[in-house]
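Quick notes on the structure that follows.
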Amino acid sequence: MSGFAASAGGALSALGQQSPQSGVQLGGISFSYFEVPEKMPFGGEQNIAAHKLPGGVKIVQAMGFFETDKSWIGAFWGPGAVAKALSVATMHAAGAVVSLVWAEFSFAVVIKSFICDYQMVGAWLPYRITCEVVPPAPPAPTPTAVQAANSDLSTAAAVQSKTDPTGSSAIQTKATTQVKNFQANLPAADTGAVVSGQGLTQATSAGTVSLGNLDGLTTEADNGVSSVNLNAGQPAPALVTAVNQTVQSTSDVAATQAMSANAASAQQNLELQQGYNSF
C-alpha cells in the first residue's frame, strides 16, 4: 500500500471511530458520513392531459402523480466500504423492492442504477445511484351494487351451515331456499357498469318476496319458542323433548333473523342502484 493510501486509510479509520452521522437507510443498510448525500430530491410530476377545444376552451385532466427518481452520489469509506458497496450491488442485481428512508421521508424503491468506483485499495469507493419509486398499491375497487348484494346473500346462505350443520331444521332449510331464490334473480352479468333497469326490477321484486317469506319464517320460529311447555312437573321424556324443541326454535329464530338482515342489506344495495339509475 502506498504511503498516501495508508495515510488516507488511517484517517478514514480514525473518523470511523467517531459517532456515525447516519441520515439515509436503503434496504436496511445505513449510510453515514461521506456515504450520505448532501441533498435528496423529492416531489414529482402530475401527469396532465390537456384538451384544447374550439373557442379557447381547454379541458385539463389530472391523470395521476408520479414521484421523481431518487438519485444521489456519495462515497463508501473505511474498512467496511467494499462489503457495504457489494451489499448495495446485490440489491441492485436482485431488482427487489426495498425501503428508502431519510428524515421524515419513506419510499418503496427499486435500485435502477448503481455505479461504484474502487479506489484507495478499497478504502474509498465513490458511487452514483438512482432509485425508481414504486407507487403504493391502488385501493381495492368499491364493489358494485350487484356485487355487494351477491356478497350479502352468500353470507346469508351460509348461516344454516353454522347453526344447523345437519340440515335437520325445516325452518332454516326453507329460509336458505328463500335466500338462494333471491340470489338466483340477481343480474347474471355485472362488470361494474350500470345494471339495466329491467334486471334490477326483477332482482328487487324477488327480494321483496324473499324478505316477506323470511319474516314469516322468523315469526313461525318465534311462535315455536313460545308454544313449548317447559313445565318441570311433566314426565322426564316430555321435558327433554320440550327443552330440545326450545333450543331448536331459538336457533331457528337467530338464523332466520341473520338471513333476513343480510337479505335486507342486499335489497337496499339494489334499490340504491335503482335510485341512482333514475337520475
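Derivation of every value follows stated rules applied to the coordinates shown; laboratory data play no part. The shown structure was predicted, so the numbers you read here are calculated from the model rather than taken from an experiment. Methodologically, a virtual Cβ is constructed for each residue, glycine included, from the backbone with ideal geometry; neighbour enumeration extends over all protein chains shown.
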For this session: Residue by residue through region 172-186, note down the ones that are touching a residue at least 24 places away in the same chain (Cβ under 8 Å) and either crowded, with 22+ Cβ neighbours inside 10 Å or not charged (D, E, K, R) (or both).
Result: 172, 175, 176, 178, 179, 181, 182, 183, 186
For this session: Tell me the strands (runs of 3 or more DSSP E) entirely within region 27-73 that contain at least 3 residues that are of a type outside the set (Val, Ile, Thr) and in contact (Cβ under 8 Å) with a residue 12 or more places away in the chain.
Result: 44-53, 57-67
Exercise. So which residues in region 31-64 are closer than 28 Å to residue 76 by Cβ and surrounded by fewer than 10 Cβ atoms within 10 Å (Cβ to Cβ), if there are any at all?
Worked result: 38, 39, 43
Exercise. Among the helices (runs of 4 or more DSSP H) contained in region 81-171, which hold 3 or more residues that are out of contact with any helix residue (DSSP H, G or I) (no Cβ under 8 Å at 6 or more places or on another chain) and touching a residue at least 12 places away in the same chain (Cβ under 8 Å)?
Worked result: 81-94
